[in-house]
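The values are calculated or read from the model by the stated rules, or taken from the named source; none is laboratory data. Because the structure is predicted, anything quoted here is derived from the model rather than measured. All Cβ positions, glycine included, derive from the backbone under ideal geometry; neighbour counts span all protein chains shown. Accessible surface areas use protein heavy atoms only, side chains included; no ligands, DNA or RNA. Shrake-Rupley method; radii C 1.70, N 1.55, O 1.52, S 1.80 Å.
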Amino acid sequence: MVKVLMVCLGNICRSPLAEGILRSKLPKDKFFVDSAGTGNWHEGHQPDERSILTAKNRGLDISCQKARQIKRSDLSEFDHIYVMDSYNLRDVTQLASDAEAKTKIKLMMDEIFPGQNIDVPDPYHGGQKGFDKVYDMLDEACELVANKLIKEHA
Ligand code: 4NP
(Lines give C-alpha, C1' and ligand atoms only; values in the text may rest on other atoms or scores of the structure.)
Protein backbone atom coordinates (compact mmCIF):
# COMPACT_ATOMS: atom_id res chain seq x y z
CA MET A 1 0.00 0.00 0.00
CA VAL A 2 1.32 3.44 -0.92
CA LYS A 3 0.39 5.94 1.78
CA VAL A 4 -0.27 9.63 1.06
CA LEU A 5 -0.92 12.28 3.73
CA MET A 6 -2.49 15.70 3.07
CA VAL A 7 -1.68 18.36 5.67
CA CYS A 8 -3.05 21.82 6.52
CA LEU A 9 -3.42 23.82 9.75
CA GLY A 10 -6.79 22.79 11.19
CA ASN A 11 -7.53 19.63 9.15
CA ILE A 12 -11.10 20.83 8.66
CA CYS A 13 -11.01 22.94 5.46
CA ARG A 14 -8.23 22.31 2.93
CA SER A 15 -6.66 18.94 3.70
CA PRO A 16 -10.02 17.10 4.04
CA LEU A 17 -10.85 18.33 0.52
CA ALA A 18 -7.41 17.28 -0.71
CA GLU A 19 -7.86 13.87 0.91
CA GLY A 20 -11.27 13.33 -0.70
CA ILE A 21 -10.21 14.57 -4.12
CA LEU A 22 -6.98 12.57 -4.30
CA ARG A 23 -8.68 9.42 -3.00
CA SER A 24 -11.28 9.70 -5.75
CA LYS A 25 -8.52 9.72 -8.38
CA LEU A 26 -6.49 6.72 -7.14
CA PRO A 27 -7.18 2.97 -7.15
CA LYS A 28 -8.21 1.97 -3.62
CA ASP A 29 -6.40 -1.35 -3.62
CA LYS A 30 -2.99 0.31 -4.01
CA PHE A 31 -3.25 3.68 -2.31
CA PHE A 32 -4.23 4.85 1.18
CA VAL A 33 -4.97 8.57 1.51
CA ASP A 34 -5.34 10.38 4.85
CA SER A 35 -5.12 13.95 6.16
CA ALA A 36 -4.00 15.74 9.31
CA GLY A 37 -3.52 19.22 10.74
CA THR A 38 -0.45 20.79 12.29
CA GLY A 39 -2.79 22.20 14.99
CA ASN A 40 -4.98 20.21 17.37
CA TRP A 41 -7.98 22.55 17.91
CA HIS A 42 -10.36 20.48 15.82
CA GLU A 43 -9.24 16.97 16.83
CA GLY A 44 -12.13 14.53 16.25
CA HIS A 45 -14.29 17.08 14.40
CA GLN A 46 -15.98 16.60 11.03
CA PRO A 47 -14.67 18.78 8.19
CA ASP A 48 -16.00 22.37 8.15
CA GLU A 49 -19.56 22.37 6.80
CA ARG A 50 -18.47 24.61 3.90
CA SER A 51 -15.86 22.04 2.84
CA ILE A 52 -18.46 19.26 3.11
CA LEU A 53 -20.87 21.28 0.94
CA THR A 54 -18.19 22.23 -1.60
CA ALA A 55 -17.22 18.58 -2.00
CA LYS A 56 -20.87 17.51 -2.18
CA ASN A 57 -21.48 20.02 -4.99
CA ARG A 58 -18.75 18.24 -6.96
CA GLY A 59 -20.01 14.76 -6.16
CA LEU A 60 -17.68 13.87 -3.26
CA ASP A 61 -18.74 12.88 0.25
CA ILE A 62 -16.12 13.89 2.83
CA SER A 63 -18.52 14.05 5.80
CA CYS A 64 -17.17 10.91 7.47
CA GLN A 65 -13.64 12.29 7.90
CA LYS A 66 -12.40 13.12 11.40
CA ALA A 67 -9.74 15.75 12.08
CA ARG A 68 -6.50 14.75 13.79
CA GLN A 69 -3.16 16.34 14.50
CA ILE A 70 -0.09 15.16 12.59
CA LYS A 71 2.36 13.13 14.69
CA ARG A 72 6.04 12.35 14.31
CA SER A 73 5.35 8.72 13.33
CA ASP A 74 3.36 9.94 10.29
CA LEU A 75 6.68 11.06 8.83
CA SER A 76 7.94 7.48 8.77
CA GLU A 77 4.60 5.80 8.05
CA PHE A 78 3.58 7.82 5.00
CA ASP A 79 5.39 7.71 1.66
CA HIS A 80 4.26 11.11 0.39
CA ILE A 81 3.23 14.15 2.42
CA TYR A 82 1.61 17.14 0.69
CA VAL A 83 1.29 20.38 2.64
CA MET A 84 -1.01 23.26 1.72
CA ASP A 85 1.11 26.29 2.58
CA SER A 86 4.52 27.53 3.65
CA TYR A 87 3.60 27.49 7.38
CA ASN A 88 2.61 23.85 7.10
CA LEU A 89 5.87 23.20 5.27
CA ARG A 90 7.88 24.78 8.08
CA ASP A 91 5.95 22.95 10.82
CA VAL A 92 5.99 19.52 9.20
CA THR A 93 9.65 19.87 8.27
CA GLN A 94 10.40 20.60 11.94
CA LEU A 95 8.76 17.29 12.87
CA ALA A 96 10.93 15.35 10.41
CA SER A 97 13.85 13.79 12.22
CA ASP A 98 15.96 12.72 9.24
CA ALA A 99 16.76 13.65 5.67
CA GLU A 100 14.67 10.79 4.25
CA ALA A 101 11.55 12.06 6.02
CA LYS A 102 12.22 15.59 4.76
CA THR A 103 12.27 14.42 1.13
CA LYS A 104 8.69 13.14 1.48
CA ILE A 105 7.29 16.60 2.24
CA LYS A 106 6.10 18.64 -0.72
CA LEU A 107 4.21 21.88 -1.15
CA MET A 108 0.95 20.95 -2.90
CA MET A 109 1.00 23.76 -5.49
CA ASP A 110 4.58 22.88 -6.47
CA GLU A 111 2.94 20.06 -8.42
CA ILE A 112 1.46 22.65 -10.81
CA PHE A 113 3.92 25.54 -10.39
CA PRO A 114 7.25 24.01 -9.29
CA GLY A 115 9.45 26.25 -7.18
CA GLN A 116 7.02 29.18 -7.13
CA ASN A 117 6.05 28.78 -3.45
CA ILE A 118 2.33 29.14 -4.05
CA ASP A 119 0.03 28.46 -1.07
CA VAL A 120 -3.42 26.93 -1.13
CA PRO A 121 -5.09 29.87 0.65
CA ASP A 122 -6.76 29.22 4.00
CA PRO A 123 -10.51 29.70 3.28
CA TYR A 124 -11.58 29.49 6.95
CA HIS A 125 -12.35 33.19 7.48
CA GLY A 126 -13.85 33.78 4.04
CA GLY A 127 -16.98 32.77 2.16
CA GLN A 128 -18.07 30.04 -0.23
CA LYS A 129 -16.08 31.56 -3.13
CA GLY A 130 -12.86 30.83 -1.27
CA PHE A 131 -13.82 27.20 -0.83
CA ASP A 132 -14.67 26.85 -4.52
CA LYS A 133 -11.28 28.35 -5.43
CA VAL A 134 -9.50 25.96 -3.04
CA TYR A 135 -11.40 23.04 -4.57
CA ASP A 136 -10.36 24.03 -8.10
CA MET A 137 -6.70 24.43 -7.10
CA LEU A 138 -6.68 21.10 -5.30
CA ASP A 139 -8.49 19.29 -8.09
CA GLU A 140 -5.88 20.40 -10.63
CA ALA A 141 -2.95 19.56 -8.35
CA CYS A 142 -4.42 16.19 -7.32
CA GLU A 143 -4.94 15.23 -10.96
CA LEU A 144 -1.19 15.69 -11.53
CA VAL A 145 -0.30 13.94 -8.27
CA ALA A 146 -2.54 10.97 -9.08
CA ASN A 147 -1.08 10.56 -12.57
CA LYS A 148 2.44 10.78 -11.18
CA LEU A 149 1.84 8.34 -8.33
CA ILE A 150 0.11 5.81 -10.55
CA LYS A 151 3.09 5.87 -12.94
CA GLU A 152 5.64 5.83 -10.12
CA HIS A 153 4.04 2.90 -8.28
CA ALA A 154 2.83 0.88 -11.29
P1 4NP B 1 -7.56 24.52 7.40
O2 4NP B 1 -8.31 25.86 7.84
O3 4NP B 1 -6.13 24.63 7.88
O4 4NP B 1 -7.65 24.54 5.90
O5 4NP B 1 -8.31 23.37 8.04
C6 4NP B 1 -8.35 26.29 9.17
C7 4NP B 1 -9.36 25.86 10.00
C8 4NP B 1 -9.42 26.31 11.31
C9 4NP B 1 -8.45 27.17 11.79
C10 4NP B 1 -7.43 27.58 10.97
C11 4NP B 1 -7.37 27.14 9.66
N12 4NP B 1 -8.52 27.66 13.13
O13 4NP B 1 -7.70 28.51 13.49
O14 4NP B 1 -9.37 27.21 13.90
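Think of the chain as a dipole: +1 on every Lys or Arg Cβ, -1 on every Asp or Glu Cβ, centred on the Cα centre; then among PHE31, CYS8, PHE131, PHE31 lies furthest on the positive end. Using the 1.4 Å probe convention, the accessible area of the chain works out to 50 Å² per residue with neighbouring protein chains retained.
A 1.4 Å probe over all protein chains sorts ASP136, ASP110 by accessible area into ASP136, ASP110, starting with the largest.
Per-residue ellipticity at 222 nm from helix content only, as computed over the chain with -39500 (n - 2.57) for each DSSP H run of at least four residues, stands at -12500 deg cm²/dmol. Subtracting the Cα-Cα distance of ASP98 and ASN117 from their residue separation scaled by 0.36 nm leaves 4.6 nm.
Between ILE150 and LYS129, residue separation times 0.36 nm minus the direct Cα-Cα distance comes to 4.4 nm. In straight-distance terms, cross-link reach from LYS129 covers every one of the aspartates and glutamates whose alpha-carbon lies under 18 Å from its own, apart from those fewer than eight places away in the same chain; here that gives ASP48, GLU49, ASP119, ASP139, GLU140. Entry note, the stretch 10-154: relative contact order of 27 percent, from Cα contacts under 8 Å with a spacing of 6+ residues. Find which of MET109, GLY59, ALA99 sits farthest along the positive direction of the dipole of the stretch 49-117, computed with +1 on the beta-carbon of Lys and Arg, -1 on that of Asp and Glu, about the Cα centre. The residue sitting most towards the positive pole is GLY59. Charging the Cβ of each Asp and Glu at -1 and of each Lys and Arg at +1, and nothing else, the dipole of the stretch 2-152 about its Cα centre rounds to 200 debye. Within the stretch 23-114, the trypsin sites (Lys or Arg not before Pro) that combine a DSSP coil assignment with at most 10 other C-beta atoms in a 10 angstrom radius are LYS28, LYS71.
Using a probe of 1.4 Å on the protein chains alone, the accessible area found for MET84 is around 0 Å². Can you bin the stretch 12-87 into rounded, prolate or oblate? Criterion: square roots of the alpha carbon gyration tensor eigenvalues sorted a ≥ b ≥ c, rounded for a/c under 1.5, prolate for a/b above b/c, oblate for the rest. Taking the square roots of the gyration eigenvalues as a ≥ b ≥ c, the stretch 12-87 is oblate. Taking the protein heavy atoms of the stretch 2-152 in the context of the full set of protein chains, the accessible area attributed to carbon and sulfur is 52 percent at 1.4 Å. Phi angles of the stretch 13-22 translate, via the Karplus equation with coefficients 6.51, -1.76, 1.60 and θ = phi - 60°, into HN-Hα couplings of 10, 7, 5, x, 5, 4, 4, x, 5, 5 Hz per residue; Gly and Pro are given as x.
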